[in-house]
Amino acid sequence: MGKLLFFIPDQASSVASEVDLFFFFMVVVSGFFSLLIAGLIIFFAIRYRDSRPEERRRPADDIEDPTTHGHGEAPIVLEIVWTAIPFAITMVMFAWGTSLFFTLSRPPAGAMQVYAVGKQWMWKFQHPEGVREINELHVPIGQNVRLTMGSEDVIHSFFVPAFRVKQDVVPGRYTQVWFKATRTGRFHLFCAEYCGTQHSGMIGSVTVMEPNEYEAWLAGGGAATAGQSLAQMGERLFNERACNTCHLPNGEGRGPSLVGLLGKTVKLESGGSVVADETYLRESILNPAAKIVAGYAPQMPTFQGQLTEEQLLELIAYVHSLGRTAGAEGKKP
Ligand code: CUA
């Protein structure tokens, strides 16, 4: 489906045309019934107007309501029809909307991973290769990109109208959004949640490039690069903070092994289990006693206040590099 109207943003992602089609369907259905009902109200008001002088009109409590007293067959048939048709239409909206929501909220397996941090008032992006950007995000065309996003302060919302994706960025946890760009070019990036005086300035752009241009951009340092990948920076931090003395890869340390942890279902000491997603890793670093893995003692110190959001993402990227279990893919955020 092509661009509907001039004021609708470019369609530059794999989901854009279906989102537009769904939106268009809802507008047409709502518009049709609004006009039908308003039209009938006006029509009946004129058609059945009692033009007699006031003293000769029937009193209002003398008028029977035909729909509640069963005047023959016709009103019942009418009632069934005007209940069944809207029900069917709203069920179509529900099923279509739900399926679209699941598509939008489940990043496809094997998506390229980019990390984002929102803060008053800027967007910071980190590519797994180590390149960092501010208020700019470069991505290759035709590739599924998953953004894992955290906030340093208040609630922000990552919004790229041309991709038809919008997701809140919430302090204290990670949220995800994914897209596959289908057109090269620069597209607006907005913060779509009021987050303070300069909320309206929390904007930027997403640049979609051909894959070879993207590779060249990454290699040539179109933006500042630390010379190390995000996972390498995370590994360095992991060793500096002596995490490696307890989290041995063979599982024989005082803390559990982190190999293949991301996405795995972990049994807890308190009973029950949890899927080890990014939010769980973050909680376990900042508040280790919250969810102790079965068979381990609560002896890890807290790193609350000692790590920046970027450093947390570096550590998570490092754990990611130790292997990701497929269970985390396609999970609701
Ligand atoms: Cu950040 Cu509005």
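The values are calculated or read from the model by the stated rules, or taken from the named source; none is laboratory data. Quick caveat, the model's predicted, so the values are computed rather than measured. Glycine also receives a Cβ, built like all others from the backbone with ideal geometry; neighbour counts cover every protein chain displayed. Accessible surface is based on the protein model in full, side chains and every heavy atom, while ligands, DNA and RNA are left aside. Shrake-Rupley method; radii C 1.70, N 1.55, O 1.52, S 1.80 Å.
Structure notes:
- Residues located in the range 186-196, provided they are open to solvent by less than 30 Å² (accessible area, probe 1.4 Å) and more than 8 Å from the ligand (Cβ to nearest atom): Phe187, Leu189
- Lone qualifier among Thr67, Thr83, Thr98 - being away from the ligand (no atom under 16 Å from the Cβ), open to solvent by 50 Å² or more (accessible area, probe 1.4 Å), at pLDDT 90 or above and in a helix (DSSP H, G or I): Thr83
- Taking the criterion of being of a type in the set (Gly, Ala, Ser), within 14 Å of the ligand (Cβ to nearest atom) and either more than 13 Å from the chain's Cα centre (by Cα) or at pLDDT below 95 (or both), the residues of the range 135-168 that qualify are Gly150, Ser151.
- If you go through the range 197-222 and pick out every residue that is at pLDDT 90 or above and either open to solvent by less than 80 Å² (accessible area, probe 1.4 Å) or more than 11 Å from the ligand (Cβ to nearest atom) (or both), you end up with 15.
- Lone unmet requirement of (1) within 16 Å of the ligand (Cβ to nearest atom); (2) aromatic (Phe, Trp, Tyr); (3) over 18 Å from Leu189 (Cα atoms) for Phe125: (3)
- Summed over the range 242-277, residues that are touching a Ser or Thr at 6+ places or on another chain (Cβ under 9 Å), more than 15 Å from Ser321 (Cα to Cα), in contact (Cβ under 8 Å) with a residue 40 or more places away in the chain and hydrophobic (A, V, I, L, M, F, W, C) total 1.
- Search result, residues across the range 163-185 that are of a type outside the set (Val, Ile, Thr) and crowded, with 16+ Cβ neighbours inside 10 Å: Phe163, Arg164, Gln167, Asp168, Arg173, Tyr174, Gln176, Trp178, Phe179, Lys180, Ala181
- Some residue of the range 269-290 being hydrophobic (A, V, I, L, M, F, W, C), over 18 Å from Phe238 (Cβ atoms) and assigned to a loop (DSSP other than H, G, I, E, B): no
- Total residues in the range 150-161, condition within 18 Å of Val208 (Cβ to Cβ), open to solvent by 10 Å² or more (accessible area, probe 1.4 Å) and of a type in the set (A, V, I, L, M, F, W, C): 1
- Where a residue in the range 23-39 is under 14 Å from Pro86 (Cβ atoms) and its partner, wherever it lies, is hydrophobic (A, V, I, L, M, F, W, C) and open to solvent by less than 70 Å² (accessible area, probe 1.4 Å), with Cβ under 7 Å and at least six apart: Met26/Met93; Val29/Ile89
- Of all the numbered requirements in (1) closer than 30 Å to Asn287 by Cα; (2) aromatic (Phe, Trp, Tyr); (3) within 12 Å of the ligand (Cβ to nearest atom), Tyr174 misses one, and that requirement is (3).
- When Glu240 is tested against (1) more than 14 Å from the ligand (Cβ to nearest atom); (2) under 18 Å from Gln113 (Cα atoms), exactly one condition is not met: (2).
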